[in-house]
Amino acid sequence: MTVVRSLRNTEYTGENRCVPCTVVNALIALGVSTLIGTTLAWAWTAAVGVFASALVLGLSSCVIWLRGYLVPGTPTLTKRYLPRRVLSWFGKDPLEDVAVPDEIDTEQTLLESGVLEPCAEIDDLCLTAAFDREWRTELEAVEEEPDPAALLDQLGIESDDVEVERYDDAVAVKRDGRRIGQWPSATALRLDTAASGPIADRVPYWRKLQPTSRSELVAGVRIFLEECPDGGPVEFATETRESCCSSYEVVSVVCTESGDRLLEQPVR
């Protein structure tokens, strides 16, 4: 037992065990042992392959049990590269103690979080290549007419007992007759649904933000989109709206080919 205690890394075992590290390394051990067993079974005999696979898996399990991980540096790599959504499944959000700024500036927050960056050729902000790529990947999994419930949950808004209204191209969500969310088109809702996860992973204090601040961050990236989901270009348009008592200017971001409105913002 003295030998076992001397080999055990108490920093990552017992009550301090890093569960994500254990899971990742167990999968690595399983994959490596399977690969070795299959290779030897093909080169020699099935019995040799099974024995080698079991031996590698057993030794790897012992190392994980004693040290907490198999691959050196796993705790650091896990914290750095696993999405916070995955780490939160294990109750291991490394950023849960990060302080929230007194005021949330949408563009500055997105810039500091790696969602935006200075454009290479013009004096403006653009989406980072990494975020744009992940956003579009997430978008492929979102339905053409998405249920707002998934987005509401990500924004911290209770999605039970909500009423979804669709009129013209717009989508609105109400509870008890009060509007709690709206999008100028189903495409805008799709974009927000796809963007919410990647933004949540990048903003360190996301879980401490109020739903209003989360909504502003998610909706704020739409104006930086350079290509619509249908592959067509994006254009800015200005038009005058009439109300019962006045008229006002509205700036819109529109998909040229489909006519879908991505964003509408009154000019102040």
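Since every read-out is calculated from the coordinates, none of them should be taken as a lab result. These numbers were taken from a predicted model, which means no experiment stands behind them. No Cβ is skipped: glycine too gets one built from the backbone with ideal geometry, and neighbour counts run over all protein chains shown.
HN-Hα J couplings of the stretch 119-135 from phi, Karplus 6.51/-1.76/1.60, θ = phi - 60°, integer Hz, Gly and Pro as x?
Computed from phi, the couplings for the stretch 119-135 are 5, 6, 10, 9, 7, 7, 9, 9, 5, 5, 4, 5, 5, 4, 5, 5, 4 Hz.
Within the stretch 168-262, which GluC sites (Glu not before Pro) sit in a loop by DSSP and count at most 16 neighbouring Cβ atoms inside 10 Å?
Sparse-neighbourhood loop GluC sites (Glu not before Pro): E226, E257.
Figure the gain on full extension for W65 and D102 (residue separation times 0.36 nm, minus the Cα-Cα span) and round it to one decimal in nm.
Answer, rounded to one decimal: 9.0 nm.
For V171, which sequence-distant residues (separation of 5 or more, or a different chain) have an amide H within less than 5 Å of its own amide H, given hydrogens modelled in the peptide plane?
Result for V171 returns W183, S185.
Residue separation times 0.36 nm, minus the C-alpha to C-alpha distance between F51 and L139: what's the value?
That works out to 27.2 nm of additional length.
Amide H to amide H under 5 Å from L125: which residues, 5+ apart in sequence or cross-chain, H placed 1.01 Å off N in plane?
Correct list: C119.
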